[in-house]
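Comments concern the structure below.
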Amino acid sequence: MKVLLVHAHPERTSVTHHLVEVAAEVLKAQGHEIIRSDLYGMGWKAVFDGRDFPQRANPNRLSLMEESEYAFANGNQTPDVEAEQRKLVAADAVILLFPLWWYSMPAIMKGWVDRVWAYGLAYGYRGAGNTYRYGEGGFAGKRALLAVCVGGPEKDYSPRGINGPLEQLLFPITHGTLFFPGMQVLPTFAVYGAAAIDAQGMAEAAAAWRGRLERLSDDEPIAFRPQNGGDYPDRHVLADHVAPGQSGLMAHIAGSVVPKDDNNSSAAAFLVPSHFIGDVS
């Protein structure tokens, strides 16, 4: 299996970089081929703008979707974008490793997605608009996994924690960025308390991470509902009989249940497990 490791942290001694090295070691030992994208090391251009389109379909007005479609279809993308797309297409699994900054990925990684997820590849697949999305598309059949380093303690990200459950915060990435173009997304691996982690905590995190990597091919993906599986008759809204009484993020995961609070209103909970190491500082 070919595994693409995409990571974003400017400090070589960071927990993120340590997880990258562990991943490379474990996966190589299992016989997998490793492909890397060290975004800070590459000096990746994070801004998606007109410079991404050396030859314009419309020189008078910049429509990023129109230009992305034109560039991808006609081989007019910039060399750095084409190189990353080749890595993605070749990979059987993609692991994104990053610190949680303001409840999301670093800007340089978001910029990697913005520029590499081209129209015709990650969306607008086969020139069919939104026909192939959420479970289908250019990345169908690939596995995806997030490895996230969280500075604060796990309790802040518990079902009633002040920051909200981590998997809810990451839903735009897991369900949107990864599941939208067809990837099978595994439950997130997280290291909590990463800002003050000690040697013992790092050893525990590395051991847990090794376990997850060894199950990369076997772990069950998050049960996101596919667009064309029958739950969305018009490809937009869930059928009335699907997840009755539920709304929001939870409704789009098969088998999830929204518990009720004492006032009989929906409580904020997210029952997709993330695999984590707690705060050890």
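Summary of computed values
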item	result
DSSP beta bridges in the stretch 2-222 [antiparallel fraction, %, rounded to 5]	5
Choice from P153, P226, P79 showing the highest fluctuation, given a GNM over the chain with Cα pairs closer than 10 Å	P79
Fewest-first sequence of S37, S158, S68 by Cβ atoms within 10 Å of each Cβ	S158, S37, S68
For the stretch 9-62, radius of gyration divided by Kirkwood radius, i.e. Rg to Rh on alpha-carbons	1.23
Rounded to whole Å, sorted largest first: equivalent-ellipsoid semi-axes of the stretch 32-127, Cα gyration tensor	24, 16, 12
Those lysines that a straight Cα-Cα span of less than 19 Å connects to K142, excepting residues fewer than 8 apart in one chain	K2, K28, K87
Distance (nanometres) between label positions extended 7 Å along Cα→Cβ at D218 and K155	3.5
Reachable lysines, given that their alpha-carbon falls under 17 Å from the alpha-carbon of K155 and they are not under 8 places away in the same chain	none
Tensor-based shape of the stretch 60-213 (alpha-carbon gyration tensor, a/c under 1.5 rounded, otherwise prolate or oblate)	prolate
Neighbourhood charge, 13 Å Cβ-Cβ cut-off, centred on Y119 and excluding it, Lys, Arg +1 and Asp, Glu -1	-2
Potential lengthening between D234 and A203 on full extension [0.36 nm per residue; Cα-Cα distance subtracted]	6.3 nm
Debye-sum result for the stretch 164-233 in log10 I(q)/I(0), which assumes one identical scatterer on each alpha carbon, at q = 0.15, 0.18, 0.22, 0.28 Å⁻¹	-0.65, -0.84, -1.06, -1.23
Prolate/oblate/rounded call for the chain, Cα gyration tensor, a/c under 1.5 rounded	oblate
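Read the figures in this text as sums done on the coordinates, not as results from a lab. On a predicted model such as this, the values are computed, not experimentally measured, just so you know. All Cβ positions, even for glycine, are placed from backbone atoms using ideal geometry, and neighbour counts span all protein chains on display.
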